[in-house]
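S.K.: Please find one structure pasted underneath; my questions will follow.
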Amino acid sequence: MTLNSPPPERGQLKITNSIKLLFALACTAGVLINYNNAIMEGAGASTTSTNKLEIPPPKESHNYIEELMYKYKSDKSRDDHSYVKLYNMIFANIRHSVTNITEIGISHGQSIQAWFRYFPHAEIHGFDKYPPKRVVQNNLDLLKERVHTHIVDILQQNITMADLGFIPESMDIIIDDGPHSASSQETFLQKLFPCLKPGGYYIIEDIGITGRGNGVSKFHDDPSKLQQATRDILEGHDTIWVDTAIGHRAWEEWLRRVGSKWARDTTHHNSYMVVIQKRTDPLREPYQMHYNDAAMRVEGVVVEDGSDT
């Protein structure tokens, strides 16, 4: 109705209001239909609607691996060895692209259950010398679509990864959570590292202070005690030493539970890790050291010329 038009008659008003009411009901029905279609699609039903209501998936915690290790009661959890602190740092941004993760040591399968959920597109391989208990194997069998258990002693000299069907540069992540002896950690590293993809991670957990070989004394204190093949891997790739005991919120209780054989204080314990990322390019040769030469000296400053390179 324009400003100069005559006022509508009473019947005209009724028709106009009816049209408005019908239009409003139609709009409401359209929203409900689209909402129902969206729900049906989520349940596997199909719809031809192109204007459906989007229902976002549940928001995932930034520390999802922490929650999973709590849920499945693994000693990698935040209040045990605290390995999840590192795993969240290096895996959170790549977990959807990982296609293969291998862990040495099955035990009760708790970390495998967590890896199964954390890496939704990965084949999970677990190695152990001893078969897991029946209840554990039955549990893992329910995940056999992507979980594969291998009962074999790969420390045996005559066993090769090729014999087991693993080809070079095929694994994204390898975690050694096996016997924890320094000798086994070296042998596993030498056998499995060739199977790691360039850019992939090889992680040795539970490097300890006692047991069959003091790993801390070799990997950290005096690497000259290591075999040359082990040193070649450590020195030829990007290797770091990680102490996840720092920041432990219940350290005294942890010491009480694990006992002095494995952990005595914040220096002598078995929550150390070696983390190796396989390089995609070889190191520059020869080595180039700047300390006491060009670093922190005026004559060592590279003068900018305004270019971006």
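The values are calculated or read from the model by the stated rules, or taken from the named source; none is laboratory data. Predicted model, so just to flag it, every value in this text is computed and none were measured. Don't worry about glycine lacking a Cβ; one is built from the backbone with ideal geometry, like all the others, and counts go over all protein chains shown. Just the protein is used for accessible areas: all its heavy atoms, side chains included, with ligands, DNA and RNA removed. Shrake-Rupley method; radii C 1.70, N 1.55, O 1.52, S 1.80 Å.
S.K.: Would you please list the contacts, defined by Cβ atoms under 7 Å and residues six or more apart or on different chains, that run from a residue in region 187-209 that is polar (S, T, N, Q) to a residue that is open to solvent by 10 Å² or more (accessible area, probe 1.4 Å)?
M.R.: Note: pairs meeting the criteria are THR187/LEU155; GLN190/ALA229.
S.K.: Also, quick follow-up: How many residues does region 227-272 contain that are of a type in the set (D, E, K, R), free of Cβ contacts under 8 Å to residues at least 12 places away in the same chain and open to solvent by 80 Å² or more (accessible area, probe 1.4 Å)?
M.R.: First pass over region 227-272, keeping only residues of a type in the set (D, E, K, R): 231-232, 235, 238, 243, 249, 252-253, 256-257, 261, 264-265.
This time we only want the ones that are free of Cβ contacts under 8 Å to residues at least 12 places away in the same chain, so: 231-232, 235, 252-253, 256-257, 265.
Pick out the ones that are also open to solvent by 80 Å² or more (accessible area, probe 1.4 Å) and you get 232, 235, 252, 256-257.
Residues meeting the conditions: 5.
S.K.: Let me confirm something: among LEU234, LEU255, LEU142, which residue is modelled with pLDDT of 95 or more and either touching a strand residue (DSSP E or B) at 6+ places or on another chain (Cβ under 6 Å) or within 29 Å of PRO286 (Cα to Cα) (or both)?
M.R.: Values: LEU255 fails: either touching a strand residue (DSSP E or B) at 6+ places or on another chain (Cβ under 6 Å) or within 29 Å of PRO286 (Cα to Cα) (or both); LEU142 fails: either touching a strand residue (DSSP E or B) at 6+ places or on another chain (Cβ under 6 Å) or within 29 Å of PRO286 (Cα to Cα) (or both).
Answer to the selection: LEU234.
S.K.: Let me ask you something else. Going by what's in this entry, would GLU252 be described as more than 30 Å from ILE106 (Cβ to Cβ) and not in a loop (DSSP other than H, G, I, E, B)? Full working, then the answer.
M.R.: Numbers: more than 30 Å from ILE106 (Cβ to Cβ): yes; not in a loop (DSSP other than H, G, I, E, B): yes.
Spelling it out, GLU252 is indeed more than 30 Å from ILE106 (Cβ to Cβ) and not in a loop (DSSP other than H, G, I, E, B).
S.K.: Does region 106-119 contain any residue that is of a type in the set (Lys, Arg) and outside any loop (DSSP other than H, G, I, E, B)? Please lay out each step first, then the result.
M.R.: Applying the first criterion (of a type in the set (Lys, Arg)) to region 106-119 yields 117.
Right, trim to outside any loop (DSSP other than H, G, I, E, B) and you get 117.
Yes: region 106-119 contains one or more residues that are of a type in the set (Lys, Arg) and outside any loop (DSSP other than H, G, I, E, B).
S.K.: I'd like the full set of residues that are within 18 Å of ASP232 (Cα to Cα) and surrounded by 10 or more Cβ atoms within 10 Å (Cβ to Cβ), limited to region 281-301.
M.R.: LEU283
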